[in-house]
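Take a look at the structure set out below.
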Amino acid sequence: MKKNIRVYSIFFMFLFVTVNIFSAKENTNNGKTIDFVEKFRLEQIIDEKLKFFFSAIRNHNNKYVKMLLNTEENRQAIKKRELKLTDEKNNKRVYGVDLELEVFPLYDEKEVLIDVNSRDRYGYTPIIVAIESGNNEILKLLIENGADLREKHPVFGRLTLHTACYFQNEEAAEILLKADPSLVNTKSGTDGWTPLQDATLRSNTRLVKLLLSYGANPMIKDDNGGTAIDMATQFGKGEIVKLLRDKVKEIRKENY
């Protein structure tokens, strides 16, 4: 009997401590405090909105994306309660829900709007989703609002420019290079490939020419010691081999 009482006492003590830990206050970046339940509720709201947001990007429902992105214009609209959420055809019901009544309750701007570098539970960010789905209008908007140009694809581990080359999104590649030319020779974190190697693997001559025009170096070695020229030669990509060899000659001429 005493043993049972001791077990129950330990159990209830553990339960008491657990409840108190979860109800403890936490400091946020702006100095305010929120409890665990409120934090969990906020995370659920954000996760649910990211599902709608990424689906809208993939389906090119750009009016909806623009309404939910955390921009100065939208922040002001939230404060004035002037933000109206509709799809491309001005329907309030998008993806089966009423956006204003069900997705846009009276929360503050942090709960309603999606940060440009938000990440879902799978590791996807808006810029990667936009590149992958060929939504280049939204890609431009994301870059204008501070999207991280060195985000990685959660599956392939490739940076934004690599992702554009892998999915053969030529316009996205040019948009990214104009925004940050230094991306051209970045290596992926998984195998050390450059964007030029991804473009070569895809046999995309236009992408190869674009990358070379921004200073892509065909002699950069990946983690296995291979180069874009090696890849082009190995897979018999004749026109690309010539382009890369001409670039190598140009580089050597400049250095000597």
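The values are calculated or read from the model by the stated rules, or taken from the named source; none is laboratory data. The structure displayed is predicted, hence computed values, not measured ones. All Cβ positions, even for glycine, are placed from backbone atoms using ideal geometry, and neighbour counts span all protein chains on display.
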Filtering region 156-185 down to residues that are over 19 Å from Asn204 (Cα atoms) and at pLDDT 95 or above yields Lys178, Ala179, Asp180, Pro181, Ser182
Residue check, Ala172 under 10 Å from the mean Cα position of the chain (by Cα), assigned to a helix (DSSP H, G or I) and either more than 20 Å from Tyr214 (Cβ to Cβ) or in contact (Cβ under 8 Å) with a residue 40 or more places away in the chain (or both): no
Of Lys178, Lys187, the only residue that is out of contact with any helix residue (DSSP H, G or I) (no Cβ under 8 Å at 6 or more places or on another chain) and part of a loop (DSSP other than H, G, I, E, B) is Lys187
With the requirement that a residue be under 19 Å from Phe167 (Cβ atoms) and surrounded by fewer than 18 Cβ atoms within 10 Å (Cβ to Cβ), what does region 186-213 give you? Gly189, Thr190, Asp191, Leu201, Arg202, Ser203, Thr205, Arg206, Lys209
